[in-house]
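The values are calculated or read from the model by the stated rules, or taken from the named source; none is laboratory data. Keep in mind the model is a prediction, meaning the values are calculated, not measured. Here the Cβ positions follow ideal geometry from the backbone for every residue, glycine too, while neighbour counts run over all protein chains shown.
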Amino acid sequence: MTDPATVPQTVGPAPNAPVPKTPKNIPHRGGPANASAARIKEKFPSAFVRADVVWGETTVFVRPDAVFDVIQYLHDDPNEQYAYLSDVTCVEYRDLEQPLEVVWHLRSITWRAFIRIKAQLTKGARLSVKSVWPIYKGADWLERECYDMFGVEFEGHPDLRRILMWEQYKEGFPLRKDFPLRGRFSRAEQLRQALAANPEARYSMEELQIADAFEDLPSDMRKRLLGGEETGE
Amino acid sequence: MATKRTVDVALSTTGLDSQGRPQRVPLVTDESGNVTTMEAPPALEPELEGEHMLINLGPQHPATHGVLRLVLELDGETVVRCIPHVGYLHCGFEKIGEYRQYNQIIPWTDREDYLNSPGNNVAFALGAERLFGIECTERCKVLRVIAMEMSRIMSHLVWLGTTCIDIGAFTPFLWSFQERENIYNLLEGWCGARLTTSLTRVGGMIADVPDGWVEGLKGFLQTFPKTIAEVDRMVTRNGIWVGRTIGIGAMSATEALNYGLSGPMARASGVAYDVRKDFPYLDYETYDFDVPVGTTGDVYDRFLVRMEELRQSVRILEQAVARLPDGPVNIDDPRIILPSKTKATTEMESMIHHFKVVMEGPRPPIGESYVAVESPKGEKGYYMVSDGTSKPVRWRIRPPSFVNLSAIPKMVEGHLLSDVIAINASIDIVMGEIDR
């Protein structure tokens with residue numbers, strides 16, 4: 001049977017974590033805030049913008065350049081232990097003047113706590129924020145999706161490329177409010193582009209290189225690829 | 001340096017110890033506590049060394065459970081690197097949701113994780129209700145628990161059947177789909193639909209259960225454990241099954257947490273995280289059930305965890321059926337819930353309410369909510385932002401199988417090509433949910 005020394009430790013709630021209970025009669029605004037919000041304010045006075053409690057969920061607004069440090073603190077500090085990254089996403093409001101928000105949902109499984117971190121990115125400039133991939137490996141695809149759908153660039157992400165749309169997609173960022181529901185081009189043009197993309201037949205140059213498959217390609221195809229043409233067919 | 005070892009289970013009954021229990025292969029960890037799963041590939045013939053092959057698995061391969069494409073770099077038959085490509089089924093649900101009223105979004109939730117439609121409907125209704133600041137009735141709560149656990153059984157049965165097929169056992173597939181048919185018949189009796197149920201509305205359910213329905217469910221709860229026992233007897237100690245699954249695709253608890261795994265994937269690795277227990281909803285804390293937690297986090301542990309979850313779902317369903325209270329299913333708020341047909345056609349007031357709810361839709365106050373439930377795949381969350389109009393500014397699905405799948409390059413590394421199929425099956429992906 002299993003040698004106890006090699007069994008990985010089990011992760012779970014602390015014995016003195018709050019007793020879980022279905023939330024009831026939640027006020028719209030106000031109510032008890034997550035204690036982590038006050039600690040963030042104390043630890044990062046210059047980065048802390050404000051904390052809201054809406055429907056019992058605490059949101060901490062943080063300056064975009066400090067998000068990484070705040071999340072690093074929430075992940076590492078023994079009083080916080082937000083070891084689980086639930087979600088990374090963005091919100092753009094219908095009022096186009098309002099800044100675009102990047103949202104991180106964090107959970108502390110040890111302390112049974114939930115907190116939402118938000119950073120507001122002013123539009124018009126480059127939308128960029130530091131990636132939390134070095135802290136949570138699970139952020140990989142979530143950040144790629146934000147980039148794909150909203151055009152927010154995550155600095156330090158190892159492989160930031162489109163994920164749901166194909167790599168040659170040219171219409172922009174679909175979940176932005178200035179993107180029309182039916183897309184930018186006519187149906188005929190969209191169909192033509194989608195057929196021409198033929199993503200199954202494509203390998204990225206990176207994929208061809210890892211497998212040394214590039215050298216095996218026919219010489220005319222190699223020449224075309226070196227001439228800057230996109231891979232495919 | 002990690003101490004390497006071979007996964008030493010032969011394809012016979014030698015996978016069992018003297019008591020007939022499956023033999024667990026101890027995991028080996030390196031100095032930093034990460035699990036090393038496989039022995040390094042054997043030294044190659046000199047003339048073959050360094051020759052890597054590129055294999056394209058999918059998007060039309062039956063074992064990828066949908067349109068998933070994996071580009072695999074192979075050294076002999078060992079996977080060196082895996083690059084997943086998703087997005088073939090991308091439909092823009094989140095974009096469409098921004099142009100729909102809350103009740104109109106519910107049919108879209110059927111279609112993302114289509115094996116778990118009632119669970120998605122309930123999860124969305126819970127999220128929307130928090131945004132509206134309302135709570136459903138007591139009877140509705142219990143009915144929703146019944147819907148969620150039924151859909152967990154449905155989803156796990158499909159997972160069980162297809163995984164058995166992937167690994168080479170055909171019979172459990174037929175047994176599990178037979179039981180799934182029984183659940184679909186029950187659902188058809190409740191709401192008229194089998195796959196795309198649209199079972200909930202904001203503030204209630206589409207309908208109360210019909211007369212005699214609860215007896216049908218009780219009958220199912222009596223016969224279903226027999227099928228689980230049969231599958232258990234056939235598969236759990238089967239030498240081929242054990243040999244194909246033990247020690248494959250293991251993730252340690254810290255890794256699982258860091259990669260954002262949730263649901264059975266995380267629990268098989270030893271992360272005791274179940275949304276029903278830790279962040280309960282629908283009074284789950286008042287039900288008596290256990291959360292199975294594995295130790296090694298390999299494919300076999302994921303199988304055991306899911307099998308135990310089937311039994312626990314039966315337990316929850318039995319308690320829910322026993323406590324099902326009488327009373328209304330929908331809340332009493334004419335701004336949110338449609339009036340009855342009789343009232344709408346005979347009373348002026350009700351007709352106005354009917355018109356307003358249908359044409360304009362219910363309006364939540366400005367705010368946002370993130371409500372997560374324990375779907376069969378893991379933590380399924382709906383994040384909704386309202387600006388006070390009847391349509392959400394942002395409707396975000398937190399897809400558990402999307403995050404679980406993102407760890408596949410880590411899981412398949414160093415395994416054989418045939419193990420990629422087993423690992424991919426163990427994640428329990430639904431491409432409708434991944435691509436949305």
For the stretch B:64-103, which positions are away from every other protein chain (no Cβ under 14 Å) and in contact with a Lys or Arg (Cβ under 9 Å, 6 or more places away or on another chain)? B:Gln101, B:Tyr102, B:Asn103
Take B:Thr200 and tell me if it is surrounded by fewer than 19 Cβ atoms within 10 Å (Cβ to Cβ), under 19 Å from the mean Cα position of the chain (by Cα) and more than 30 Å from B:Val242 (Cα to Cα). no
Members of the stretch A:20-48 found to be over 25 Å from B:Pro364 (Cβ atoms) and in a strand (DSSP E or B), listed by number: A:Phe48
Note on B:Leu74: of the conditions (1) surrounded by fewer than 17 Cβ atoms within 10 Å (Cβ to Cβ); (2) modelled with pLDDT under 85, unmet is (1)
Take the residues in the stretch B:165-208 that are assigned to a helix (DSSP H, G or I) and among the small types (Gly, Ala, Ser), then tell me which one is farthest from B:Gly361 (Cα to Cα). B:Ser176
Filter the stretch B:331-346 down to the residues that are in a loop (DSSP other than H, G, I, E, B) and either of a type in the set (A, V, I, L, M, F, W, C) or modelled with pLDDT of 90 or more (or both) and list them by number. B:Ile331, B:Ile336, B:Ile337, B:Leu338
Limited to the stretch B:342-370, what total is found for residues that are within 14 Å of chain A (Cβ to nearest Cβ), farther than 15 Å from B:Gln104 by Cβ and of a type outside the set (A, V, I, L, M)? 5
For the stretch B:148-172, which positions are of a type in the set (Phe, Trp, Tyr) and surrounded by 21 or more Cβ atoms within 10 Å (Cβ to Cβ)? B:Trp159
Test: B:Ile421 is under 30 Å from A:Asp178 (Cα atoms), at pLDDT 90 or above and of a type in the set (A, V, I, L, M): no
Could you please give the count of residues in the stretch B:256-275 that are more than 12 Å from B:Thr296 (Cα to Cα) and part of a helix (DSSP H, G or I)? 4
Checked against (1) away from chain A (no Cβ under 14 Å); (2) within 30 Å of B:Val79 (Cα to Cα); (3) of a type in the set (D, E, K, R), B:Arg267 satisfies every condition except (1)
If you check B:Lys356 against the conditions, is it part of a loop (DSSP other than H, G, I, E, B) and either under 22 Å from B:Thr109 (Cα atoms) or of a type in the set (Lys, Arg) (or both)? no
Checked the stretch A:53-109 for anything surrounded by 16 or more Cβ atoms within 10 Å (Cβ to Cβ) and basic (Lys, Arg); matches are A:Arg107
Going through the stretch B:420-436 in order, the residues found to be out of contact with any strand residue (DSSP E or B) (no Cβ under 8 Å at 6 or more places or on another chain) and at negative phi are B:Ile421, B:Ala422, B:Ile423, B:Ala425, B:Ser426, B:Ile427, B:Ile429, B:Val430, B:Met431, B:Gly432, B:Ile434, B:Asp435
Do the conditions hold for A:Glu101, that is, is it more than 19 Å from B:Gly260 (Cβ to Cβ) and under 14 Å from the mean Cα position of the chain (by Cα)? yes
What are the pairs, 6+ residues apart or on separate chains, where a residue within the stretch B:108-132 that is of a type in the set (D, E, K, R) has its Cβ under 7 Å from a residue that is part of a helix (DSSP H, G or I) and buried (at least 24 other Cβ atoms within 10 Å of the Cβ)? B:Asp110/B:Ser117; B:Asp110/B:Asn120; B:Asp110/B:Asn121; B:Glu112/B:Asn120; B:Glu112/B:Glu433; B:Asp113/B:Asn120; B:Asp113/B:Glu433
The stretch B:392-415, residues that are over 19 Å from B:Thr64 (Cα atoms) and at the interface with chain A (Cβ under 9 Å from one of its Cβ atoms): B:Val393, B:Arg394, B:Arg396, B:Arg398
Of the numbered conditions (1) within 11 Å of chain A (Cβ to nearest Cβ); (2) surrounded by fewer than 24 Cβ atoms within 10 Å (Cβ to Cβ), B:Ser262 satisfies every one except a single condition; which is it? (2)
If the requirement is being closer than 30 Å to A:Pro20 by Cβ and without any contact (Cβ under 8 Å) to a residue 24 or more places away in the chain, which of these qualifies: A:Trp111, A:Trp55, A:Trp141? A:Trp141
Hey, B:Thr389 hits all of (1) within 30 Å of B:Tyr259 (Cβ to Cβ); (2) within 14 Å of chain A (Cβ to nearest Cβ) but one; which does it fall short on? (1)
Suppose we filter A:Leu164, A:Leu160 for residues that are modelled with pLDDT of 70 or more, buried (at least 18 other Cβ atoms within 10 Å of the Cβ) and over 20 Å from B:Leu68 (Cβ atoms); which single one remains? A:Leu160
So A:Val132, is it buried (at least 23 other Cβ atoms within 10 Å of the Cβ) and outside any strand (DSSP E or B): yes
Of the residues in the stretch B:246-255, those that are assigned to a loop (DSSP other than H, G, I, E, B) and among the aliphatic types (A, V, I, L, M) come to B:Ile246, B:Ile248, B:Ala250, B:Met251
Leading residue by the ranking (nearest to the chain's Cα centre (by Cα)) among those in the stretch A:139-166 that are part of a loop (DSSP other than H, G, I, E, B) and closer than 17 Å to B:Glu433 by Cα: A:Ile163
